[in-house]
2 protein chains.
Amino acid sequence: MLPEPFNHLPDIALHRVSAELRRTLFRQGEVTKGLYVVLSGRVHLERVGPNGERFVIHRAMAGSSFAEASVFSERYHCDAVVMEAGEVVRIDKAAVLAAFANAGFARAYGRQASRQIQAQRQLLEIVGIRSAEDRVLAGLVAGLLDGTVVEFAALLHLSHEATYRALRALVEAGHVVNPSRGDYRLSTAT
Amino acid sequence: MLPEPFNHLPDIALHRVSAELRRTLFRQGEVTKGLYVVLSGRVHLERVGPNGERFVIHRAMAGSSFAEASVFSERYHCDAVVMEAGEVVRIDKAAVLAAFANAGFARAYGRQASRQIQAQRQLLEIVGIRSAEDRVLAGLVAGLLDGTVVEFAALLHLSHEATYRALRALVEAGHVVNPSRGDYRLSTAT
DNA sequence: CATTTGATATGATCTTGATCATATGTTGCC
DNA sequence: GGCAACATATGATCAAGATCATATCAAATG
């Protein structure tokens, strides 16, 4: 099943695409067909610099969509390369454009988009915090530590070593409690 | 005039709010009234930690909107504080929700939102690049240097000194040309 | 025109987090 | 049980960028 809001769309608009490792799904400059949803695997969006340098613009993981903006533009502005084989679905741009006439779809789209924007803004502010300790604390307040510390560290753009040390320092400062190995949470007291 | 897509909305939905310095427009936990557009001045969204630490979640500048997600939720999840006096407009959530029934508004919203998401994803990837030189180069490729170098540096979460040095190094390496003081652009040749 | 403000630019120093290394704990698997 | 893979955890070293300092240049202001 597709994630919101794309589950509102008719099946006719969906196309399973083969996503074997290293395959390029579309290239910068090509005419847009639509957006994509990653059901499993990973896809990188890359932009090519004037001298051929490749920059990763986005890493799409299972459950997320990419190239949403292509629905509103003529040409893709980056390349999409499969970094881990999996299932990927393409959704026709015409179908999405048409679906905006449906208020249910439109609201679902708006809800998803505004939440994502909010989350990204927050993350951008957090990764902008210089001090590892402050950054980790902000990440905790934002509720970003739900999986492993390693994942949390990657999200914060910190090495996991620095993250462990910051967590330890926060525990010693009394801001965080560490009830058991690998379990960190904000201390409610003081 | 309001920025897209909010210029599609009827005037009745708009309310000018007084935005003098330090004023709090809404607080975490309050019932949502709607989203806001900053016409001039600056507004910070702040989240308060369990021990009263304040974290900036977002800095809304002239021409941008904030609290868009409040349209889809019951309560504000952060505080909004005016950091620089200016003109701020509130837009009723009911009006926005209703406007999604209008395909023109819905598409305009979708276009704006998807572009913003794309831009933020790209910025998140760029600020995640450790090396100052690579980060600056990626920023240049992304076309982020349109204003001053100081603004560019802030966007990249780099000190402006480090940014100037990276630009100098890129010029010396032949990746960037510096035709005149303060003017940097990617070199097209080799 | 003199002054102020902010951007550009670069040098010197120092702090901090990246990196490398190592050890233990936990989980799943055959 | 033994092994592999990975998360947790912490120590040591080092490089890179932050910070502080200083100078020049440009534009705006009175």
Distances in nm between the label point of A:GLU161 (7 Å along Cα→Cβ) and its equivalents in the other copies, shortest first, are 2.5
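At a probe radius of 1.4 Å, figure out the A/B buried accessible area, summed over both chains, and give it in Å² to the nearest 100.
Values: alone 11410 and 11400 Å², together 17950 Å².
Interface between A and B: roughly 4800 Å².
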Taking a straight Cα-to-Cα line shorter than 13 Å from B:LYS33, and setting aside same-chain aspartates and glutamates fewer than 8 residues away, one finds B:GLU68, B:GLU74, B:ASP92
Rounded to the nearest Å, the spacing of the alpha-carbon centers of the range A:99-174 and the range A:1-55 is 25 Å
Long-range share for the range B:1-151, i.e. C-alpha pairs more than 23 Å apart as a percent of all pairs, stands at 46 percent
Here the whole-number average of other chain Cβ atoms within 10 Å per Cβ of A:126-135 is 2
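What does the average come to when, for each residue of peptide A:70-81, you count the partner chain Cβ atoms lying within 10 Å of its Cβ?
Numbers: counts 2, 4, 7, 4, 0, 0, 0, 2, 2, 0, 0, 0.
Mean shielding count: 2.
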If one builds a Gaussian network model of chain B from Cα atoms under 10 Å apart, the most fluctuating residue listed among B:THR148, B:THR32, B:THR24 is B:THR148
In the range B:49-69, the residues losing 50 Å² or more of accessible area (1.4 Å probe, heavy atoms of protein chains only) relative to their chain alone are B:PRO50, B:ASN51, B:PHE55, B:ILE57, B:ALA69
Shortest first and in nm, the label-point separations between B:VAL17 and its counterparts in the other identical copies (7 Å out along Cα→Cβ) come to 4.1
Counting only protein heavy atoms and rolling a 1.4 Å probe, one gets per residue an accessible area for chain A in Å² of 47 Å²
Relative contact order in percent for chain B (Cα pairs under 8 Å, 6+ apart) equals 20 percent
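Would you mind telling me the share, in percent, of accessible area of the protein assembly as shown contributed by carbon and sulfur at probe 1.4 angstrom? The partial results should precede the final answer.
Values: 9340 of 17950 Å².
C and S atoms contribute 52 percent here.
Do me a favour and compute the ellipsoid semi-axes for the protein assembly as shown from its Cα gyration tensor, root of five times each eigenvalue, largest one first, whole Å.
Numbers: eigenvalues 179, 176, 119 Å².
With the √(5λ) rule applied to the protein assembly as shown, the semi-axes are 30, 30, 24 Å.
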In order over the range B:4-17: 3J(HN,Hα) from phi, Karplus 6.51/-1.76/1.60, θ = phi - 60°, whole Hz, x for each Gly or Pro, gives 3, x, 6, 5, 7, 8, x, 4, 4, 7, 9, 9, 6, 10
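Given the -39500 (n - 2.57) contribution per DSSP H run of 4+ residues, what per-residue ellipticity at 222 nm results for chain A, rounded to the nearest 500 deg cm²/dmol? Before the final figure, lay out the partial values.
Values: 5 runs with 63 residues, N = 190.
Calculated at 222 nm, the ellipticity per residue is -10500 deg cm²/dmol.
The values are calculated or read from the model by the stated rules, or taken from the named source; none is laboratory data. Source: prediction; values computed, not measured. In this analysis, Cβ positions are derived from the backbone assuming ideal geometry, glycine residues included, and neighbour counts consider all displayed protein chains. Note: areas computed on protein heavy atoms with side chains; ligands, DNA, RNA excluded. Shrake-Rupley method; radii C 1.70, N 1.55, O 1.52, S 1.80 Å.
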